[in-house]
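We did not get these values from a lab; they are worked out from the coordinates using the rules stated. If you're wondering where the values come from, they're calculated on a predicted model, not measured in any experiment. Here Cβ is always computed from backbone atoms with ideal geometry, including for glycine, and neighbour counts include all displayed protein chains.
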């Protein structure tokens, strides 16, 4: 039996304390230290989160009128669910970060407000300040809906020590170029000869995103596109998809790369110096530098007919507000423009800054190995636009579901490609839930 | 609303109960009204919460299931039974329902049987009873997020304890959560470890309520320990087993958090529970209307299970 009684007085004072704390919290939310509160939602945690917090502090310190207050939510579906609901309710934060690949899914539902290009240009942010793929990706239906902070491509990190031992570095100490799948696999075997574990690490088990990132890079390098027209059939080049998957199977032969590896384990393998190359997103770069590995970085080499690198962008968006405050909106533009101009620090976290004046700065050129892969920004490929695609979406995990066994067992990829196409056709045949009338055929 | 109306309405409701409890003398009209008002005031906080957070969502959800309402606020038009028609033809819906039923079968049997064995062992008078009780019950107090983290590590394909164990006895390691043929089993194992303490406690309490003189009498009659368990303990645990079973089936049907978390948010065809599919359809896929329709299909399935349970129980009672 529970014998401790919460007496009435104790209960009341506790309740009063809770109510009081809530009231105080509400007060502090209304007015910042030196200006109006600018609510800013993002999904950046870990090292990225720390860097972002530093940038926000700098911008806040530079402007007296507002105080941007970040709210950090869990990456992926939980974040996008909350952001969508905030936009649907019309009481969203002033500004938020979204993956550029998710923006086409948000626009038709009226969850985002477009950016005013003129106002943005007056802050020094416009077409001239962006690479073509990034600028194009920021538009939906001719309107500018997102302002990119970065591009974060899928790249290769390499262990310079091991690569030097295998003799695969060029005169400048960079990984030697490979131009065909055969050359690349040969490179993998050379590296595996000097590595304790495998030549390369590719963790994919249970991670649809990892499989998709490498697959889509290789698929697009063959000069083909993937289109997902609402109400139509998925346009997938079956042969190119099979070629890409077959190459991935060859990679996972147990020598070049472990046949069965998950993402965490692949990272651990590389971080402990037991493999020479890691396929990963740019965001793992700081981790490896901290591990004390002499790490280089390179875009995935062009193994087929044309360069292509899977990427996504963290982009600023204006979630729809029912009664947007014009003054706060203006401050939002100032906040975003100023943060972009300081994004050199963001590059330290591995990301390629999207804002060209930063890329062209001396400070960035000195950042090694970041500047080695900045050229990738000109060949970025994003998820094919549709309401259900993008980072952290079910699209990528569904892809993983379908092809994981192909990669694990080495079985014929063609049926898996067909099954994936069939799944996509089924989704495309249903009306877009954010746009049931079909007013936007993005 | 007039006072008279309130009074008559009140008189049929809680006031009647209050009057009945007060005594044999039926109160006069004014007094009855006063008592009814007091009763309603006391009931109000609960009634408001009940109407607002249970009755209204149930009704509104039912209405939504006939619309194409989207999470983004778009849609909302009446679509008749289209959502239900789609749900019945949706292979993923059936697969998720089957996963939930399979999980319920796989988890309920060990969760009842092992809990009983554990309770019997502890009740034999092992020294340090409190320690056993505590350690068996402790996992139940952990949040689902915590147990998911723990078991993700245990099931890690390369450094996990589960595979260490397999290697130690000379078996091949298994990619527990990544392999589609083992991931549901892995979730069952984690769930059994996590929630068995509750059933264990119910059984232990029931065991300790069996009067000791019955065992003494049996012993005088020459019954051995096993005979005592079989003829005295187990029959008297019957009612408890019914309660444990019903609670366990309902709890297992609600599978979501540990499966979702242990799979890292990935929806695998072999672990996606029906509740996860409801969440995915509504919140990830933005389709509130469709998601509501699946909820009602599931609701109907649970009601069928409930009716079956009730019928079986009644039959058993009738047999006695």
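Among B:304, B:187, B:294, the residue with the largest mean-square fluctuation in a Gaussian network model of chain B, with springs joining Cα atoms closer than 10 Å, is B:304.
The modelled label-to-label distance between residue A:235 and residue B:102, using points 7 Å beyond Cα along the C-beta direction, is 3.8 nm. Each peptide among A:239-251, B:240-252, A:192-204 gets the average number of other Cβ atoms lying within 10 Å of its residues, and from highest to lowest they stand as A:192-204, A:239-251, B:240-252. Peptide A:254-260 has a mean of 1 when you count, residue by residue, the C-beta atoms of other protein chains within 10 Å of its C-beta. Distance distribution P(r), region B:85-319, all Cα-Cα pairs, bin width 10 angstrom from 0: 7, 25, 29, 22, 12, 3, 1 percent.
Beta-bridge orientation, the protein assembly as shown: approximately 65 percent antiparallel, per DSSP, counting only bridges with both partners inside.
Estimated from the Cβ-Cβ distance and a Förster radius of 60 angstrom, the FRET efficiency linking residue A:127 and residue B:182 is about 0.70. Over what distance in Å are the Cα centres of region B:68-140 and region B:240-274 separated? Measuring centre to centre over Cα atoms gives 2 Å. How far, in degrees from 0 to 90, does helix A:8-30 lean away from the longest principal axis of the Cα atoms of chain A, to the nearest 10? Roughly 70 degrees, rounded to the nearest 10. Over region A:241-367, all Cα pairs binned in 10 Å intervals from 0 give whole-percent P(r) values of 9, 28, 29, 20, 10, 3, 0, listed from short to long.
Highest mobility in the GNM of chain A, judged by mean-square fluctuation with C-alpha springs under 10 Å and restricted to A:73, A:285, A:112, is found for A:73.
Looking at chain A, the DSSP beta bridges with both ends there are about 65 percent antiparallel.
For chain A, the longest principal axis of the alpha carbon atoms and the long axis of helix A:238-251 meet at an angle near 80°. Computed from the C-beta positions of residue B:37 and residue B:257 and an R0 of 60 Å, the FRET efficiency is 0.90 to the nearest 0.05.
Give the calculated FRET efficiency between residue A:274 and residue A:363 to the nearest 0.05, with a Förster radius of 41 Å applied to their Cβ-Cβ distance. The partial results should precede the final answer.
Details: r = 34 Å, r/R0 = 0.83.
Efficiency at R0 = 41 Å is approximately 0.75.
Region B:32-46 and region A:342-378 have Cα centres spaced 69 Å apart. Roughly how many Å is it from the Cα centre of region A:70-119 to that of region A:164-207, as a whole number? First find each Cα centre; the distance between them is then 40 Å.
Sorted into 10 angstrom bins from 0, the C-alpha pair distances of the protein assembly as shown split as 2, 11, 18, 21, 20, 13, 8, 4, 2, 0, 0 percent.
Which angle between 0 and 90 degrees, to the nearest 10, do you get for helix A:326-341 versus the longest principal axis of chain A when only C-alpha atoms count? The answer is roughly 30 degrees. Any idea what % of Cα-Cα pairs in chain A are farther than 41 Å? Everything past 41 Å amounts to 22 percent.
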